[in-house]
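The values are calculated or read from the model by the stated rules, or taken from the named source; none is laboratory data. Quick caveat: nothing in here was measured; it's all calculated off a predicted structure. Here the Cβ positions follow ideal geometry from the backbone for every residue, glycine too, while neighbour counts run over all protein chains shown.
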Amino acid sequence: GTTGAAAGGDTKYSTLWGQVLGGSAHLEGSSDQDGFSSKSFGLTSGFDHFVTPDLLAGAALSWLRSWTDGSNDSSGSSNKIDSYQLTLYGSWRQNRLTVDGQVGAGWNHFDQKRQISFLGSTASADYDGQQYSASSRVGYDFSLGERTTLTPFAGLRWIHAHNQSYDETGAGSANNSVDSLNTDSVTQEIGAKAAWQFDTGLGTVSPEVSAAWLHDYTSSAIDMTGQIGGTAFSVQSERLPSDGARIGVAVGLDTLDGARLRVEYDGELRSGYQSQTGTVRAAWDF
């Protein structure tokens with residue numbers, strides 16, 4: 001959905017918003033790759049303004065920390081990642097048509113530990129990386145009643161990630177020297193959202209549900225190269241399955257004093273993989 005809390009309105013105003021999110025993900029291991037489990041927590045704050053009654057523009061800063069624990073042959077290995085990102089976003093609405101877009105740039109710091117069971121030792125590494133992203137989504141509202149809306153939508157997202165080279169320490173001759181890594185992903189999303197509105201004593205309550213089909217166009221394995229003990233190596237890491245589904249449930253409250261609150265749940269399901277994220281957001285107009 002749109003990043004800004006004000007997106008979708010038709011009144012010219014500015015909005016300051018913030019959100020807290022938490023999530024988890026799990027990938028089952030297979031003969032081709034090890035599995036993992038991860039948890040994450042993050043904070044985001046943003047500002048947006050209606051440049052015209054139909055055009056919203058905004059910016060957001062976010063921080064996300066994630067912890068990942070490996071399974072199968074990677075059991076005992078872990079990675080802690082701190083991510084910082086700046087996102088610029090916009091939304092244009094003309095009658096029932098809405099076009100959303102955003103671009104982002106981020107910096108990541110990795111604190112990685114690789115368990116070497118047969119040696120009883122752990123190889124550690126600290127390194128940085130960058131990521132760049134762009135996405136767009138188009139939706140069209142169909143009225144199913146006075147306060148019920150069905151919105152089919154289609155979107156496309158591109159992400160480029162660069163991880164710097166690094167040298168492990170702590171495991172002697174078993175330490176790896178790993179080359180820098182560049183990866184790209186292009187993902188489409190096609191789905192629909194149903195939304196309702198109800199007036200209450202606290203304000204307007206807006207529940208919604210959504211579902212979408214996901215497809216990744218970049219499905220080739222990721223090649224990681226480097227050296228161990230002076231000998232070059234190359235390892236391939238499989239990506240997630242190309243096709244999946246995303247489901248979402250949200251409830252918003254526009255209070256009578258102008259504040260807005262929103263609670264969201266998003267889940268992603270692929271073969272052998274599932275992730276879920278919960279978000280609480282607050283916004284103030286001025």
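Things to note:
- Identification of strands (runs of 3 or more DSSP E) wholly contained in segment 188-286 with 1 or more residues that are under 19 Å from the mean Cα position of the chain (by Cα) and either of a type in the set (D, E, K, R) or loosely packed, with under 14 Cβ neighbours inside 10 Å (or both) yields 203-216, 243-255, 259-270, 273-285.
- Tally, over segment 172-187, of residues that are part of a strand (DSSP E or B), polar (S, T, N, Q), within 24 Å of Thr231 (Cβ to Cβ) and in contact with an Asp or Glu (Cβ under 8 Å, 6 or more places away or on another chain): 2
- You will find that of Ser45, Ser91, Ser124, the residue that is outside any loop (DSSP other than H, G, I, E, B), under 28 Å from Arg239 (Cβ atoms) and at pLDDT 95 or above is Ser124 and no other.
- Single unsatisfied condition, Leu64 versus (1) in a strand (DSSP E or B); (2) of a type in the set (A, V, I, L, M, F, W, C); (3) modelled with pLDDT under 95: (3)
- Only one entry in Asp141, Asp128, Asp111 is more than 20 Å from Thr169 (Cβ to Cβ) and touching a residue at least 24 places away in the same chain (Cβ under 8 Å), namely Asp141.
- Within segment 67-84, restricting attention to residues that are buried (at least 17 other Cβ atoms within 10 Å of the Cβ) and in contact with a Phe, Trp or Tyr (Cβ under 8 Å, 6 or more places away or on another chain), the residue that is farthest from Ser121 (Cα to Cα) is Ser83.
- Taking each residue of segment 80-97 that is closer than 17 Å to Leu43 by Cα and looking for partners that are of a type in the set (Lys, Arg) and at pLDDT 95 or above with beta-carbon atoms closer than 8 Å, six or more apart or interchain, yields Lys80/Arg65; Ile81/Arg65; Asp82/Arg65; Ser83/Arg65.
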